[in-house]
Amino acid sequence: MKKTIICTVCPNGCEVVAEYTSKDDVKLSGNRCKRGIEYCINECFDPKRTFTSSVAIKGAARRRMPVRTTAPIPKAQLFACAETLRGVTLEAPVACGQVVIPNVLGSGADLVACMSLDKKED
Ligand code: SF4
């Protein structure tokens, strides 16, 4: 197989071409350094992304709380992760970094709040 990947490890954004038959037989070209090798191999066989979104929050000055995973999760789980958030509503106060869903979808990453929101004074 052949795949073109933009390496996002550094701002150079090298366009890397990967030709492979298996994980043990990968030929890369276009990478300017060795740091992109692991990233490109993962992109071929196990692509991952940090998930970012927002969830509802009650009792705060805002109605949505931005959230993200503490580590990249499998790209194939991104839609399922978004679905998981549909029924979630937080209650203020919430601290930045507070775990919203531990080990989301068994990925090993927690879903955490990205900001602190105090309880709104009435
Ligand atoms: S291959 Fe190396 S130089 Fe190119 S984007 Fe990736 S990390 Fe940067």
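The values are calculated or read from the model by the stated rules, or taken from the named source; none is laboratory data. As the structure is a computational prediction, the values presented were derived from the model and not from experiment. Glycine gets a Cβ as well: all are built from the backbone with ideal geometry, and neighbour counts include every protein chain shown.
Okay, residues lined up against (1) on the phi < 0 side of the Ramachandran plot; (2) touching a Phe, Trp or Tyr at 6+ places or on another chain (Cβ under 8 Å):
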| residue | (1), (2) |
| --- | --- |
| Ala56 | yes, no |
| Arg64 | yes, no |
| Thr69 | yes, yes |
| Lys75 | yes, no |
| Val100 | yes, no |
| Leu105 | no, no |
| Ala113 | yes, no |
| Lys119 | yes, no |
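How many residues are within 12 Å of Thr52 (Cα to Cα) and within 11 Å of the chain's Cα centre (by Cα) if we restrict to segment 76-95?
2
Within segment 96-122, take every residue that is of a type outside the set (Gly, Ala, Ser), in a strand (DSSP E or B) and more than 13 Å from the chain's Cα centre (by Cα) and give me the one that is nearest to Phe79 (Cα to Cα).
Checking each candidate, the answer is Ile101.
Looking at segment 85-102, I want the residues that are farther than 10 Å from Met65 by Cβ and have a partner that is buried (at least 16 other Cβ atoms within 10 Å of the Cβ) and of a type outside the set (Gly, Ala, Ser) with Cβ atoms under 6 Å, at least 6 apart or on another chain. Which pairs are those?
Listed by first residue and then by second, the contacts come to Leu85/Val55; Gly97/Val112; Val99/Asp110; Val99/Val112; Ile101/Leu111; Pro102/Asp110.
Output the residues belonging to segment 60-71 that are exposed (fewer than 15 other Cβ atoms within 10 Å of the Cβ) and part of a loop (DSSP other than H, G, I, E, B).
Within segment 60-71, Ala61, Arg62, Arg63, Ala71 meet the criteria.
When you scan segment 80-100, how many residues do you find that are under 19 Å from Arg62 (Cα atoms) and touching a helix residue (DSSP H, G or I) at 6+ places or on another chain (Cβ under 7 Å)?
Matching residues across segment 80-100 total 0.
When Asp46 is evaluated against the numbered criteria (1) modelled with pLDDT of 95 or more; (2) acidic (Asp, Glu); (3) under 25 Å from Ala18 (Cβ atoms), which criterion, by number, is the only one it fails?
(1)
Is there any pair with a first residue in segment 29-54 that is within 16 Å of Lys2 (Cα to Cα) and a second that is more than 11 Å from the ligand (Cβ to nearest atom) and of a type in the set (Phe, Trp, Tyr) whose Cβ atoms are under 7 Å apart and which are 6 or more apart or on different chains, and what are they?
Hits for this filter: Cys44/Tyr20.
Would you check which residues across segment 1-52 are outside any helix (DSSP H, G or I), closer than 30 Å to Val100 by Cβ and more than 8 Å from the ligand (Cβ to nearest atom) and list them?
Asp46, Pro47, Lys48, Arg49, Thr50, Phe51, Thr52 - these are the residues of segment 1-52 that are outside any helix (DSSP H, G or I), closer than 30 Å to Val100 by Cβ and more than 8 Å from the ligand (Cβ to nearest atom).
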